[in-house]
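Can you keep this structure in mind? I'll have questions shortly.
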Amino acid sequence: EEETRSSYEQKLQVTQHSVSKKLLETALAKKSNLIASADVTTTQELLELAEKVGPHIVALKTHIDIISDFEYEKTITPLKAIAAKHQFLLMEDRKFADIGNTQELQFTSGVFKITNWADFVTSQVIGGFESLDCFSNVGVVAIVGMSSKGTLTTASYREEALKVALSHPNVIGGVSQNKIPEELLLFTPGVNLADSGDGKGQQYNTPEHVFKTLHTDFIIVGRGIYKSNDPEASAITYKTEGWNAYINSLEK
Ligand code: 5IU
């Protein structure tokens, strides 16, 4: 028998973090739990994708270090404007994995200056509790489990990772392919309606599966959207599938 899950409204009532609140409010306003992963390599592709999918997503997930022509003013300034116009958050998938001092430098310095524009970032928790202290002005999504074949995020690793995530005030949620405690938001990548893998270790599930069995809160879709001939139409499809799967997951 399936257990019930908390709704976005219920999570909104108990959450303390301003970024969780924004995510949940945006989800309810747009009837969307979709995060588009913008794994494109030029500023033009990034901005075009953001403009097309913007109305349908709660957040755009970036890997800002793969943009080959990155320039703060040319890349970030217009991206922030598109995010404000279409009301979505910026999630930098940096997956920090170092000691606190180095993570702080990676977060604030270099050309990307992530601290100035990201609403939330992903981080490994392998550096321990204090390594996350530097992210006090954003939300942190802790990497609890990975979607790739042969990942080392075993059940015992995930259990320890969750202890760090649950105890740190900057952490709003986790990335995982398994259920996590309800007080954290669950973000699930590895979602694709057409493929079961990519030949490079990625493993895909459907929105239906991740909402029903994992009680996920947000699906993360990359190639299913940006590789499609019509990214906007695909975003609408994933938004609709994701929302229907969420509604179904509320029923016992
Ligand atoms: N991503 C995963 N799996 C993980 C984690 C992150 O796929 O376990 I942690 C990222 C990698 C990529 C996006 O940026 O999510 C998924 O893209 P595709 O939908 O194109 O596979």
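If you go through region 77-106 one residue at a time, how many are within 23 Å of LYS21 (Cα to Cα) and in contact (Cβ under 8 Å) with a residue 12 or more places away in the chain?
Of the residues in region 77-106, 15 are within 23 Å of LYS21 (Cα to Cα) and in contact (Cβ under 8 Å) with a residue 12 or more places away in the chain.
Could you tell me whether ALA81 is assigned to a helix (DSSP H, G or I), modelled with pLDDT of 95 or more and not charged (D, E, K, R)? Walk me through how you get there before you give the answer.
Details: assigned to a helix (DSSP H, G or I): yes; modelled with pLDDT of 95 or more: yes; not charged (D, E, K, R): yes.
Considered against the rule, which asks whether it is assigned to a helix (DSSP H, G or I), modelled with pLDDT of 95 or more and not charged (D, E, K, R), ALA81 comes out as yes.
Across region 18-38, what is the total count of residues that are of a type outside the set (Ser, Thr, Tyr) and surrounded by 18 or more Cβ atoms within 10 Å (Cβ to Cβ)?
Residues that pass the stated criteria total 11.
Please indicate, with yes or no, whether at least one residue in region 187-194 is more than 9 Å from the ligand (Cβ to nearest atom), of a type in the set (A, V, I, L, M, F, W, C), touching a residue at least 24 places away in the same chain (Cβ under 8 Å) and within 18 Å of VAL19 (Cβ to Cβ).
Checked against the condition, which is being more than 9 Å from the ligand (Cβ to nearest atom), of a type in the set (A, V, I, L, M, F, W, C), touching a residue at least 24 places away in the same chain (Cβ under 8 Å) and within 18 Å of VAL19 (Cβ to Cβ), region 187-194 yields no hits at all.
Out of the residues in region 119-128 that are assigned to a loop (DSSP other than H, G, I, E, B) and touching a residue at least 40 places away in the same chain (Cβ under 8 Å), which is surrounded by the most Cβ atoms within 10 Å (Cβ to Cβ)?
Top of the filtered list is VAL125.
Pairs, please: C-beta under 7 Å, at least 6 apart or cross-chain, first residue in contact (Cβ under 8 Å) with a residue 12 or more places away in the chain and in region 197-219, second of a type in the set (Asp, Glu) and surrounded by fewer than 19 Cβ atoms within 10 Å (Cβ to Cβ)?
Every condition considered, the pairs that remain are TYR204/ASP195.
Which members of region 68-78 meet the condition of being surrounded by fewer than 21 Cβ atoms within 10 Å (Cβ to Cβ) and either under 17 Å from ILE35 (Cα atoms) or not aromatic (Phe, Trp, Tyr) (or both)?
Passing the criteria: SER68, ASP69, GLU71, GLU73, LYS74, THR77, PRO78.
Looking at (1) within 14 Å of the chain's Cα centre (by Cα); (2) more than 22 Å from LYS227 (Cα to Cα); (3) charged (D, E, K, R), find the lone condition where LYS31 falls short.
Among (1) within 14 Å of the chain's Cα centre (by Cα); (2) more than 22 Å from LYS227 (Cα to Cα); (3) charged (D, E, K, R), LYS31 violates only (1).
I would also like to ask the following. Do you know which of the residues in region 201-252 that are within 12 Å of the ligand (Cβ to nearest atom) and part of a loop (DSSP other than H, G, I, E, B) is nearest to MET91 (Cα to Cα)?
Taking the candidates together, the pick is GLY222.
Kindly indicate the residue of region 129-185 that is outside any loop (DSSP other than H, G, I, E, B) and touching a Lys or Arg at 6+ places or on another chain (Cβ under 8 Å) and also surrounded by the most Cβ atoms within 10 Å (Cβ to Cβ) among those meeting that condition.
LEU185
Kindly provide the set of residues from region 93-115 that are within 18 Å of the chain's Cα centre (by Cα) and either surrounded by fewer than 19 Cβ atoms within 10 Å (Cβ to Cβ) or part of a loop (DSSP other than H, G, I, E, B) (or both), ordered by number. So that I can check it myself, show each step before the final result.
Let us first name the residues in region 93-115 that are within 18 Å of the chain's Cα centre (by Cα), namely 93-97, 107, 114-115.
Matches in region 93-115: LYS95, ALA97, THR115.
What's the total number of residues in region 31-68 that are of a type in the set (Ser, Thr, Tyr), part of a loop (DSSP other than H, G, I, E, B) and closer than 17 Å to LEU185 by Cβ?
1
With the structure loaded, tell me whether GLU232 is of a type in the set (Asp, Glu) and farther than 30 Å from LEU132 by Cβ or whether it fails that test.
When the stated conditions are applied, GLU232 passes them.
The values are calculated or read from the model by the stated rules, or taken from the named source; none is laboratory data. As the structure is a prediction and not an experimental result, all values here were calculated from the model. Reconstructed Cβ throughout: ideal geometry from the backbone, glycine too, with neighbour counts over all protein chains shown.
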